[in-house]
Amino acid sequence: MSTVLEIPEVVTMQDPRSQYAGTPSSIEIQSAPATQQAMTEKPDCGEGSYKGSGRLAGRKALLTGADSGIGRAAAIAFAREGADVAICYLPEEQADAEEVAGYIREAGRKAVLLPGDVSHEGFCQRLVADAIDQLGGLDILVNNAGRMGKTAGILETSTERFDTLMKTNLYSMFWITKAAVAHMKPGASIINTTSVQGYDPSPGVFDYAMTKAAIANFTKGLSEPLMEKQGIRINAVAPGPIWTPLQEADGDKDKLKKLGQNTPYKRPGQPVELAPVYVLLASQEGSYITGEIYGVTGGMGIA
Ligand code: NAD
Ligand code: MG
């Protein structure tokens, strides 16, 4: 008896320039936090396409900012690869988070919803404790929550904006990682979301770009001690221009109309195009990979 292998369309060879939608035609600037539900043109987070093959069977994963965008694509992929998944998001994003929980449960895995604000140390500590408590351990941590917005220049940048960016993008990663590594076992994996902005900053987001440079540096700086002392891997993913709610959150409509035009693809990436990299870095197949920054940039380079 022969088995017919069902091949998802995303793995058939095709022109990557036209594989996904071009530059979004419908852009609605939202105030942060922007939600996926409020977007008229939805990103593709792999809801209808990602197929797992047991790469993360039995793992327990916590992802921040996983109600939408890149984190949502990673959360769906992790669940379909066999992991139980806890997701963190802001309370305003409850509806997006419940959709993700639905996909995790549909994959036959446990979904844990942990709303809260990662710019507060107390919440970050509770987040890790609650994830461990409800999942029964922690093998994979994805520090992905982030804020961007825009600024006109250093003179226009308020201390309040600067402080919020540092606390949300950077301090949270320090607080959550510190709380998590105390409980992680050899073989565990940490993945941080940095950006091409960390290498090649745009003037309108110079402060956001600073946080992304620091995230890459934090990843490299911790890789040696975490491996030597605990057998834990830590890597980062550096996305290029990806179509997600973050782009619409206090964003610049004129710039967004050109999103991805600075790549040879002439289109932005979709969150689903990053999911396989998060899966590789989380899985045991990535056993010899640590301290690396993986670009998924549409050819923009990361150095
Ligand atoms: P997104 O808006 O879908 O995800 C960002 C998430 O961060 C939100 O869903 C929200 O849950 C979370 N978040 C923000 N502030 C928070 C807070 N105070 N407390 C708790 N959660 C908070 O957009 P995305 O583009 O998928 O962003 C994910 C990551 O990717 C971010 O770190 C972002 O900087 C990074 N990134 C995105 C792009 C891109 O082009 N979209 C490029 C490079 C890097
Ligand atoms: Mg969101």
**Item:** Restricting region 117-126 to residues that are under 13 Å from ILE87 (Cα atoms) and within 16 Å of ligand 2 (Cβ to nearest atom), the residue that is farthest from the chain's Cα centre (by Cα)
**Value:** ASP117
**Item:** Residue satisfying condition, being under 19 Å from the mean Cα position of the chain (by Cα), farther than 22 Å from SER189 by Cα and open to solvent by 30 Å² or more (accessible area, probe 1.4 Å), within set GLY251, GLY301, GLY260
**Value:** GLY301
**Prompt:** What are the residues in region 47-64 that are within 16 Å of ligand 2 (Cβ to nearest atom) and more than 17 Å from LEU138 (Cβ to Cβ), if any?
**Reply:** GLU47
**Asked** Within the bounds of region 253-262, is there any residue that is under 30 Å from ASP15 (Cα atoms), of a type in the set (A, V, I, L, M, F, W, C) and in contact with a strand residue (DSSP E or B) (Cβ under 8 Å, 6 or more places away or on another chain)?
**Response** no
**Request:** Hey, could you check region 220-248 for residues that are charged (D, E, K, R) and over 22 Å from the mean Cα position of the chain (by Cα) and say which is nearest to ligand 1 (Cβ to nearest atom)?
**Result:** GLU224
**Prompt:** If you go through region 223-243 one residue at a time, do you hit one that is among the acidic types (Asp, Glu) and either under 28 Å from GLU9 (Cα atoms) or touching a strand residue (DSSP E or B) at 6+ places or on another chain (Cβ under 8 Å) (or both)?
**Reply:** no
**Message:** Suppose the filter is of a type outside the set (A, V, I, L, M, F, W, C), in contact (Cβ under 8 Å) with a residue 60 or more places away in the chain and open to solvent by 10 Å² or more (accessible area, probe 1.4 Å); does GLY153 pass it?
**Reply:** no
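Quick check, is ARG17 at pLDDT 95 or above, among the charged types (D, E, K, R), over 19 Å from ALA95 (Cα atoms) and crowded, with 17+ Cβ neighbours inside 10 Å?
The answer is no for ARG17.
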**Residues within region 50-86 that are in a loop (DSSP other than H, G, I, E, B), open to solvent by 10 Å² or more (accessible area, probe 1.4 Å) and either closer than 21 Å to VAL118 by Cβ or modelled with pLDDT under 95 (or both), tallied** = 2
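Test of understanding: among GLY69, GLY54, GLY22, GLY58, which residue is on the phi > 0 side of the Ramachandran plot and in contact (Cβ under 8 Å) with a residue 60 or more places away in the chain?
GLY69
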**Residue that is farthest from ligand 2 (Cβ to nearest atom), among those in region 155-206 that are among the charged types (D, E, K, R) and farther than 24 Å from GLY116 by Cα** = LYS185
**Request:** Return the total of residues in region 132-150 being over 17 Å from GLY69 (Cα atoms) and open to solvent by 40 Å² or more (accessible area, probe 1.4 Å).
**Result:** 5
**Request:** Please find, among TYR20, TYR103, the residue that is out of contact with any Cys (no Cβ under 9 Å at 6 or more places or on another chain) and either within 24 Å of ILE191 (Cα to Cα) or within 14 Å of ligand 1 (Cβ to nearest atom) (or both).
**Result:** TYR20
**Message:** I need the full set of residues from region 273-297 which are of a type in the set (A, V, I, L, M, F, W, C), under 16 Å from ARG55 (Cβ atoms) and open to solvent by 10 Å² or more (accessible area, probe 1.4 Å), in order please.
**Reply:** VAL277, LEU280, ILE289
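Return the total of residues in region 210-229 being closer than 25 Å to ILE140 by Cα and surrounded by 15 or more Cβ atoms within 10 Å (Cβ to Cβ).
Of the residues in region 210-229, the ones closer than 25 Å to ILE140 by Cα are 211-229.
Filter once more, keeping what is surrounded by 15 or more Cβ atoms within 10 Å (Cβ to Cβ): 211-216, 218-220, 222-223, 226-227.
So the answer is 13.
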**Asked** From the set of residues in region 10-43 that are charged (D, E, K, R) and touching a Phe, Trp or Tyr at 6+ places or on another chain (Cβ under 8 Å), which is farthest from PRO271 (Cα to Cα)?
**Response** ARG17
**Request:** Answer yes or no: is there a residue in region 204-220 that is farther than 19 Å from GLY298 by Cα, modelled with pLDDT of 95 or more and in contact with an Asp or Glu (Cβ under 7 Å, 6 or more places away or on another chain).
**Result:** no
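The values are calculated or read from the model by the stated rules, or taken from the named source; none is laboratory data. Worth saying up front: this structure is predicted, and the values here are computed from it rather than measured. Don't worry about glycine lacking a Cβ; one is built from the backbone with ideal geometry, like all the others, and counts go over all protein chains shown. Note: areas computed on protein heavy atoms with side chains; ligands, DNA, RNA excluded. Shrake-Rupley method; radii C 1.70, N 1.55, O 1.52, S 1.80 Å.
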